[in-house]
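J.: Below you'll find the structure I mean.
The values are calculated or read from the model by the stated rules, or taken from the named source; none is laboratory data. Values in this document were obtained by computation on a predicted structure and should not be read as measured data. Don't worry about glycine lacking a Cβ; one is built from the backbone with ideal geometry, like all the others, and counts go over all protein chains shown.
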């Protein structure tokens, strides 16, 4: 399945603005034991890749030069010593993709078998590409951390991001009541699938009640307020960092977390075949179509990243390599 000895890829060595992104011709990676070569058919853009591209690339722990990209969908081009077969449809995510080793912004990706998973979905590539990282993170946050049930009232703080849309879709399919927020008034109509769409002024705890579970996607910037939005016995899962604040300064859990409220967080670095199977089964059983905001050709990835940085596209941005 390897059609050429070279491939096009985005290669970063230093902080790179979206309008500085170019495609470079580099050799197709050589397979080694424990790794498989994936022909990338499509991949999604993620906030963590934006952080890497604009700032984190300067950190000493980032391998440079690096091909970014923490997820992809495609086919096995070389199965190496793995259980996979050539031509098999797979998704891949996390495990160091795009940071510790080259990721998915390329026509081929050499990936560890531990983070490559077989799928039998009939979704087209662009829809399939909207699933791996976004729906895995939504799934883990909602079901592993929040133990969400149909009887819950869920607050999604930061609902108008790809993860917010996916979480809203999963929660409504489960039968939950959902209250979703955005800090932009013009984006309130985008949350029409929620039971209530709320404009986030930064202080919600005095105006919202009855919340049993909360998914915090804005992050430490609003976490204290979110903790005071939930009922006693409620649970808050802090997953996102959309607010641009990455930690709680001088964190004192005794004073910070209200009595009888539980705080957890989801770290999406440990996907498994079992969880990937459950996600795709849930999508199939509930006849859900993955949420997509925009689709770009690989040759137009500069424009895709510019749109991502400006926030002009609502929802997941997907890149098709051909």
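J.: Going through 222, 239 one at a time, which residue ends up being touching a residue at least 12 places away in the same chain (Cβ under 8 Å), buried (at least 18 other Cβ atoms within 10 Å of the Cβ), more than 15 Å from the chain's Cα centre (by Cα) and in the same structural domain as residue 190 (by TED's automatic domain parsing)? Give the derivation first.
T.: Details: 239 fails: more than 15 Å from the chain's Cα centre (by Cα).
Criteria check complete, one pass: 222.
J.: Restrict the check to region 251-267 and report whether at least one residue is within 16 Å of residue 222 (Cα to Cα), without any contact (Cβ under 8 Å) to a residue 24 or more places away in the chain and either surrounded by 10 or more Cβ atoms within 10 Å (Cβ to Cβ) or in the same structural domain as residue 91 (by TED's automatic domain parsing) (or both).
T.: For region 251-267, residues within 16 Å of residue 222 (Cα to Cα), without any contact (Cβ under 8 Å) to a residue 24 or more places away in the chain and either surrounded by 10 or more Cβ atoms within 10 Å (Cβ to Cβ) or in the same structural domain as residue 91 (by TED's automatic domain parsing) (or both): present.
J.: Let me confirm something: among 67, 62, which residue is surrounded by 15 or more Cβ atoms within 10 Å (Cβ to Cβ), more than 16 Å from residue 31 (Cα to Cα) and without any contact (Cβ under 8 Å) to a residue 40 or more places away in the chain? Step through it out loud before you land on a result.
T.: Numbers: 67 fails: without any contact (Cβ under 8 Å) to a residue 40 or more places away in the chain.
Going through 67, 62 in turn, the sole match is 62.
J.: Does residue 151 satisfy the condition of being in a loop (DSSP other than H, G, I, E, B) and either surrounded by 24 or more Cβ atoms within 10 Å (Cβ to Cβ) or in contact with a helix residue (DSSP H, G or I) (Cβ under 9 Å, 6 or more places away or on another chain) (or both)?
T.: Here the answer is no, as residue 151 does not meet what is asked.
J.: Determine which single condition residue 233 fails, assuming it passes every other condition in (1) assigned to a strand (DSSP E or B); (2) surrounded by 12 or more Cβ atoms within 10 Å (Cβ to Cβ).
T.: (2)
J.: Next question, about the same structure. Listed residues 276, 254, 289, 295; which is out of contact with any strand residue (DSSP E or B) (no Cβ under 6 Å at 6 or more places or on another chain) and under 18 Å from residue 72 (Cα atoms)? Break it down stepwise before answering.
T.: Working: 276 fails: out of contact with any strand residue (DSSP E or B) (no Cβ under 6 Å at 6 or more places or on another chain); 254 fails: under 18 Å from residue 72 (Cα atoms); 295 fails: out of contact with any strand residue (DSSP E or B) (no Cβ under 6 Å at 6 or more places or on another chain).
Answer to the check: 289.
J.: Counting only residues that are outside any loop (DSSP other than H, G, I, E, B) and touching a residue at least 40 places away in the same chain (Cβ under 8 Å), how many does region 75-110 have?
T.: Pass one, region 75-110, residues outside any loop (DSSP other than H, G, I, E, B): 75-78, 89-93, 97, 101, 106, 108-110.
If we keep only those that are touching a residue at least 40 places away in the same chain (Cβ under 8 Å) too, we end up with 75-78, 90-93, 106, 108-110.
Of the residues in region 75-110, 12 are outside any loop (DSSP other than H, G, I, E, B) and touching a residue at least 40 places away in the same chain (Cβ under 8 Å).
J.: Also, I was wondering about something else. When you scan region 176-226 for strands (runs of 3 or more DSSP E) that lie fully inside it, which ones turn up with 2 or more residues that are more than 13 Å from residue 164 (Cβ to Cβ)?
T.: Details: elements: 177-182, 196-199, 211-216.
Counting at least 2 such residues, we get 196-199, 211-216.
J.: Then there's this: Quick one: is residue 110 modelled with pLDDT of 95 or more and within 17 Å of the chain's Cα centre (by Cα)? Talk me through it step by step, then tell me what you get.
T.: Working: modelled with pLDDT of 95 or more: yes; within 17 Å of the chain's Cα centre (by Cα): no.
No; evaluated as a whole, the condition is false for this residue.
J.: Something else about it: How about region 111-141: which of its residues are part of a loop (DSSP other than H, G, I, E, B) and either out of contact with any strand residue (DSSP E or B) (no Cβ under 8 Å at 6 or more places or on another chain) or crowded, with 23+ Cβ neighbours inside 10 Å (or both)?
T.: As a first pass, look at region 111-141 and keep what is part of a loop (DSSP other than H, G, I, E, B): 119-124, 129-131.
Listed by number, the residues that qualify are 122, 123, 124, 129, 130, 131.
J.: Checking the structure you have, find out if any residue of region 1-11 is without any contact (Cβ under 8 Å) to a residue 60 or more places away in the chain and part of a strand (DSSP E or B).
T.: Scanning region 1-11 turns up at least one residue that is without any contact (Cβ under 8 Å) to a residue 60 or more places away in the chain and part of a strand (DSSP E or B).
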